[in-house]
Structure formats: C-alpha cells, structure tokens
Amino acid sequence: MRHDPTDVPGGSAPSAAVVFTLTFPFSRGEEFLQTEIQHLLECFDKVIIVPTLLDPGMVQTHEISPRVQLIAPVRSKLALLAGFCLRHPIAAVQSVVRALGGGRDRQAAWADLRFDLYASALARMVAPGVAEAIGPAVDVVFYGFWLHVPARVALDVRRLTRRDEHPVVSRANGFDLYLERHPRAYLPQRQLLLSGLQKVFAASPSAQEYLEEHYPEHVGKFTSDRIGTPPPINPGNARRAAFHIVSCSYLAPVKRLTMLIDDIAAAQRALSVPLTWTHIGAGAGAYAEDVYAHAARALTPSTYQFLGHMENHELREWYARNPASVFVQVSESEGGLAASIQEGLAQGLPVIVTAVGGVSALKEAPDIFDGLLERDHTPEQFAEKLGRLLDSDDETYNGYVAASMAYWSAHCSTDVLAHAFARRLRRISAERIDTPGVSMLG
C-alpha cells in the first residue's frame, strides 16, 4: 500500500524513480533490489527499472510488482554498437573524443572508449521509453545501483530525456568502487561519472573514506548507506554441537575460497572434534575447478559439500532447516558489510571473517563473538578462532547467538534500511540542479 502523499517526504507532486541495474530483474544477483523496489513503490508514484547489461537469452528470475515499469530491450552488444554508430555518427565521434581527450595511456583510453560507446548506445535505445514512462512526473530521480555502467547510462538518459535539472545518484558497492580489483587498478570514466552525479552512496563508512581519499575534489558528494538483508525464517537455531561451518559467496578469486579451504584444513588437523563445512554459491571456469580440486586434496573426505547457487528465499529456507555453528568468510576485499555475513548474523550465527572494507564495522559491535581476522591471517590463526568458539560453554555460545541477532536487527534489517533509503531518494527527487551535470556528454 502506498503511503498517503502527506506522509511521503518531498510532498504530493507526481514523482518517478528511474532505477538502472546491471541485469535485475533478469539473471542472478542484485537480490537486494527486490525489497528496495517495494519501498520505492511506497514513496514514488512510478518506479521504472532499466537493466543495462542484458544479453540475448537471459530470462527474468525476479518477480516485480505490476506497478513497476520495465524497460529492457535486448540486443547483442555488437548489434547495439553497430546500430549506434550508423544512426548517430556524431555521437559516436564524441565518444571517441572523450576517450582520447584525457591524456591517458592507450589501454586506459581503449577501456574508456568501450565503456562510453556501450553506455551511449544503450542510453539512446532506452531514453524514449524512459521519457514516456516518466510522463508528467514533476519530481524525478535517476538512480544507478552501481557506480559503473548503470550510473553512466543514467547520466546520458537524463540528458536525452531533457531532464537536466533533475538529480542523478548512484550506489558504490564493491567491484564498482575499488580500483585494486581491476587490471592496472583502473576503472573507466571516474571523473566523468563523479562530475555528473549529485550523490554517491557508499556501502559503508570505510567505502566512503576510500572515495574521499581517491577523489577529494568530489568529497561533498559522498555518504554511506548500507544495503541490508531480509529477515530470517527461523532465527536463533544455531547449534554449537556437531560443529557445522557454513560459508556463502560466488566462487570468485576475491572471495579466496582456496585460502578458506586451507584454514578449515588446519582446523581439522588442530581440533579434537569432527568439523563439517558447507559452501553455498556457484562459480564457473578455471577458478571454480581449482576450488573443487583443492578441497578434495586438503580436506577430510565426506566432511564438506558445495551446494551451488540459491536464490535468497531458498538460502533463508536452507538456514531455517539446517542448523549451523558458525559463518566464515575470508574475502580479500568488501565494499560494505557483505550481505552473506549479514544473513549469517540474522540467523544468529557467530562469524569468523576478515576485517576488510565495511566488515570492520563489527569491531564496534557489542557482545558478538570476536571472530575478526586480519586480511593476511594464517590458517593457524583461523583455527585458533574456531577453537575458542568450540570451547565456549552453552551459556556463552548462546550469548553470541543472541548478540549476532541483535546486531542484525539494529544495523542490517533491509526493511528498516530500504525504507529509510527510499524516503531519502524521494526527498532528493524534489531537488533541482542549478548547474546541470556533465556538460561533456554530447
């Protein structure tokens, strides 16, 4: 049910939020948006979703409200770019000029050109549909869920729909934030993006500090806004007995699954009780094969399992049916407090995780189990943390369970966070820009 207009920040003027995603509601990932969209519908008259990285053959995997307007033309990237260059040769030349005009090396210029051409081509394709969907809305915000292609397309669509006085904002979550995650520590068109955006919502205070350190000229645009997780189905079912370790992530190098396997192997050798491990999350290619092979070499047979991908509701149902003892993760980098860690806390699991990015916020959490590890910890240090948890008595362990749930309730509930964020965007949508952004876009 939509709020009464007098209860919505920004007043009762007709309003629209245009949300630019990677693939949501298609394919996997971006599950956070499922709840966020519902709260946007409470604050805006119209919510429009524009996926920016669709490939032919992708199927819709997330249900969305009939009130949401989806603009998702699917064309191969080659056909999209060819059509853009043929129909809009002047705009294509402007992309080349922007890519070559920064004085960077050849590889950076090539990355900028690919990024610019793709975003410009997609914006031209979707802008008429966005303009029609916005209609007579007075208060409008263009919202990129990532500080990457979605934000770049949002900037171009604003210009093409002649809404230059309206704000464009973006989240910055992880891959779109940290330069170190990319070849040659380079992300395309950072200055163009940050010059045009009115606000950037970093996934954590530490992510905000990273942006402020690397882009001090835009410091006033950065703030932090955590993405939360849905409530658990059967919270508090954690069990210390029959010690069961659980982890959840994509099988990606940044998650360092081979390091985690070495950590668990050290614990199996050092501790006197059987340890079992379940990993939830899919992967493909050489790295995933390395993970499976390393587990077979390093771990005691029949003590581990890889369950593959689960949708968010399936994961919560699995946690409800399968009591675990501890959640573990040894990521090399995180933007905010990872959703998988939040889900573990919501269930009541003590967590043993590397204190990277927004995860370091747990240092200030009262009463939870002290499971924070250094980024470059040793397997022995991981085993020591696990051993201390295993050696705790029932009263102490149950206290850790209660503290995990309390922390999630206070800091990670998606309903609380998404509701506040939607109201924040509604207020922003009522603002007007005195100097329209990104004049360099042609």
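The values are calculated or read from the model by the stated rules, or taken from the named source; none is laboratory data. All of these numbers come straight from a predicted model, not from anything done at the bench. Quick reminder, even Gly has a Cβ in these numbers, built from the backbone with ideal geometry, and neighbours come from all protein chains shown. What goes into the accessible areas is simple: the full protein's heavy atoms, side chains included, and nothing from ligands, DNA or RNA. Shrake-Rupley method; radii C 1.70, N 1.55, O 1.52, S 1.80 Å.
When 370, 376, 176 are compared by accessible surface with a 1.4 Å probe, the order from highest to lowest is 376, 370, 176.
Annotation: Cα Rg of the stretch 235-348 relative to the compact-globule expectation 2.2 N^0.38 Å equals 1.02.
Compute the acute angle (0 to 90°) between the alpha-carbon long axis of helix 32-43 and the principal axis of greatest extent of the alpha-carbon atoms of the chain; round to the nearest 10°. Computed tilt is about 50 degrees. Return the FRET efficiency for the residue pair residue 305, residue 107: r is the Cβ-Cβ distance, R0 is 35 Å, and the value is rounded to the nearest 0.05. Efficiency, rounded to the nearest 0.05: 0.25.
Provide the FRET efficiency to the nearest 0.05 for the residue 364-residue 234 pair, computing r from the beta carbons and using R0 = 30 Å. Write out the running numbers ahead of the final one.
On the way: r = 28 Å, r/R0 = 0.93.
For residue 364 and residue 234, the calculated efficiency is 0.60.
Quick note on the stretch 362-436: its Rg to Rh ratio, both from C-alpha atoms and Rh being the Kirkwood radius, is 1.26.
For the stretch 275-286, backbone phi angles converted through the Karplus equation (6.51, -1.76, 1.60; θ = phi - 60°) give residue-by-residue couplings of 10, 10, 9, 10, 10, 10, x, 9, x, 8, x, 5 Hz, Gly and Pro being listed as x.
Ranked from the most accessible area to the least, with a 1.4 Å probe and all protein chains present, what is the order of 273, 326? Each step should come with its number before you reach the end.
Working: 273 55, 326 0 Å².
Heavy-atom accessible area, descending, gives 273, 326.
FRET efficiency for the pair residue 182 and residue 272, taken as 1/(1 + (r/R0)^6) with r the Cβ-Cβ distance and R0 = 45 Å, rounds to 0.55. For residue 165, the solvent-accessible surface with a 1.4 Å probe is about 70 Å², rounded to the nearest 10.
Summing charges over neighbours of residue 249, with a neighbour being any other residue whose Cβ is under 12 Å away from its Cβ, gives -1 when K and R count +1 and D and E count -1. Shape annotation for the stretch 140-183: C-alpha extents along the principal axes are 36, 16, 11 Å, from largest to smallest. Backbone amide hydrogens, once placed in the peptide plane, bring residue 138 within less than 5 Å of 15, excluding anything fewer than 5 places away on its chain. Across every pair of non-identical alpha carbons in the chain, the mean reciprocal distance, once inverted, gives a Kirkwood radius of 23.1 Å. Given +1 at the Cβ of Lys and Arg, -1 at the Cβ of Asp and Glu and no other charges, the dipole of the chain around its Cα centre is 1520 debye to the nearest 20.
In the complete set of protein chains, residue-level accessible area for residue 433 is approximately 30 Å², probe 1.4 angstrom.
In square nanometres, what is the average projected area of the Cα convex hull of the stretch 351-401?
Working: hull surface 13.9 nm².
Result: a mean projected hull area of 3.5 nm².
The largest accessible area among 412, 85 belongs to the first residue in 85, 412, and the rest follow in falling order (1.4 Å probe, all chains). Among 29, 196, 220, whose mean-square fluctuation peaks in a Gaussian network model of the chain (Cα, cutoff 10 Å)? Sorting by GNM fluctuation, first place goes to 220. Using only Cα atoms, tell me the angle between helix 394-411 and the longest principal axis of the chain; keep it within 0 to 90° and round to the nearest 10. Roughly 10 degrees, rounded to the nearest 10.
Out of every Cα-Cα pair in the stretch 223-295, what percent are more than 14 Å apart?
Roughly 70 percent, rounded to a whole number.
A Cβ-based charge dipole, computed about the Cα centre of the stretch 195-296 with Lys and Arg at +1 and Asp and Glu at -1, lands at about 460 debye. Looking at the chain alone, DSSP beta bridges between its own residues are antiparallel in about 5 percent of cases. Distance between the C-alpha centres of the stretch 205-219 and the stretch 49-120: 27 Å, rounded to the whole angstrom.
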